[in-house]
């Protein structure tokens with residue numbers, strides 16, 4: 001039996017979800033995994049206050065370091081994000097993000113489906129700059145410590161993966177529920193409804209991690225290439241794209257999560273996804289053939 | 001963006017990323033991340 005690319009992607013997403021949330025037993029005890037793996041960042045968005053989480057959330061980690069007493073900038077997390085982004089780009093969102101998988105499953109629920117107005121895509125960049133970068137540095141307390149503003153006021157992944165399971169398992173935590181939790185619960189409900197209606201609503205509008213990887217998508221090693229000689233201009237790739245990207249016009253779009261649906265839909269096999277360039281690969285093949293022919297001639 | 005510019009940006013970003021990572025680890029940022037990640041983050045779950 002041959003697996004389709006869609007099934008392969010789904011299997012990778014499930015494996016990544018499982019690896020990111022391997023400590024399932026902690027859901028019962030309401031505690032967190034406290035091992036040394038948590039000093040490493042997860043490439044995708046996954047709350048480190050989720051009882052099952054095995055790695056640290058990069059957005060939470062970024063705010064934790066820049067909001068700490070000693071440092072105002074996290075070289076460690078920024079370095080990790082730059083490396084992951086420049087090598088993989090948004091293929092991380094498409095294949096390895098646990099919250100991305102959750103959103104795709106939510107979108108399968110029967111619900112009125114809509115397209116997102118394009119200007120809303122820019123909201124995630126504003127959230128990245130204001131809530132993830134500036135507020136943890138600017139809004140500091142008397143000890144010089146900043147708050148993780150994105151986690152505190154916005155992140156629906158934190159409420160879903162961390163807040164709800166921990167509140168269910170710890171009666172003592174339930175006694176301190178206040179207005180902030182109501183705000184975050186409202187954002188979570190709106191996000192879940194948004195995801196049911198719009199494909200990857202959170203990725204498109206809110207996710208600061210997607211914003212970072214999106215910017216690096218333009219130069220990432222893993223990239224999308226369209227062979228203009230082969231392209232027949234049928235626009236099937238643009239129609240099939242759930243992230244509303246036209247791969248022929250914008251192969252390096254910050255919105256493209258490299259899911260590969262456009263490549264599968266292309267009747268002319270004009271779309272290539274990968275680390276290598278097809279033109280360079282065929283040049284290399286020709287060169288190898290030439291060397292082989294010349295040596296056999298001797 | 002030309003292919004050459006892209007290659008240069010890629011190499012520059014990757015070099016910066018590696019240097020950032022080494023410097024960040026050397027000044028103890030990984031320990032801050034670990035400390036934050038192993039304790040329940042009250043802000044993250046909407047209680048802090």
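The values are calculated or read from the model by the stated rules, or taken from the named source; none is laboratory data. All of these numbers come straight from a predicted model, not from anything done at the bench. Ideal geometry is used to build each Cβ from the backbone, glycine not excepted, and the neighbour counts take in all protein chains shown.
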**Q.** Subset of chain B (residues that are part of a helix (DSSP H, G or I) and at positive phi)
**A.** none
**Q.** Index of the failed condition, residue A:253 passing every other in (1) assigned by TED's automatic domain parsing to the domain that holds residue A:102; (2) crowded, with 17+ Cβ neighbours inside 10 Å
**A.** (1)
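Residues checked against (1) at the interface with chain A (Cβ under 7 Å from one of its Cβ atoms); (2) in contact (Cβ under 8 Å) with a residue 24 or more places away in the chain; (3) in contact with a helix residue (DSSP H, G or I) (Cβ under 6 Å, 6 or more places away or on another chain):
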{"residue": "B:7", "(1), (2), (3)": "no, no, no"}
{"residue": "B:14", "(1), (2), (3)": "yes, no, yes"}
{"residue": "B:19", "(1), (2), (3)": "no, no, no"}
{"residue": "B:23", "(1), (2), (3)": "yes, no, yes"}
{"residue": "B:27", "(1), (2), (3)": "no, no, no"}
{"residue": "B:33", "(1), (2), (3)": "yes, no, yes"}
{"residue": "B:43", "(1), (2), (3)": "yes, no, yes"}
{"residue": "B:48", "(1), (2), (3)": "yes, no, no"}
Q. Could we say that residue A:76 is assigned to a helix (DSSP H, G or I) and in contact with a strand residue (DSSP E or B) (Cβ under 9 Å, 6 or more places away or on another chain) here?
A. yes
Q. When you go through A:82, A:45 one by one, which is the residue that is more than 7 Å from chain B (Cβ to nearest Cβ) and either part of a loop (DSSP other than H, G, I, E, B) or touching a helix residue (DSSP H, G or I) at 6+ places or on another chain (Cβ under 6 Å) (or both)?
A. A:45
Q: Check whether at least one residue in region A:216-223 is away from every other protein chain (no Cβ under 14 Å) and over 25 Å from residue A:133 (Cβ atoms), and report yes or no.
A: no
**Q.** Single match in A:89, A:67, A:60 (criterion: surrounded by 24 or more Cβ atoms within 10 Å (Cβ to Cβ) and within 23 Å of residue A:7 (Cα to Cα))
**A.** A:89
Q) In region A:1-23, which residues are in contact with a helix residue (DSSP H, G or I) (Cβ under 9 Å, 6 or more places away or on another chain) and assigned to a loop (DSSP other than H, G, I, E, B)? A) A:3, A:4, A:21
**Q.** From the options A:198, A:232, residue that is without any contact (Cβ under 8 Å) to a residue 40 or more places away in the chain and either more than 14 Å from chain B (Cβ to nearest Cβ) or buried (at least 20 other Cβ atoms within 10 Å of the Cβ) (or both)
**A.** A:232
Q) Taking region A:241-282, which residues are in contact with a helix residue (DSSP H, G or I) (Cβ under 9 Å, 6 or more places away or on another chain) and part of a helix (DSSP H, G or I)? A) A:261, A:262, A:263, A:264, A:265
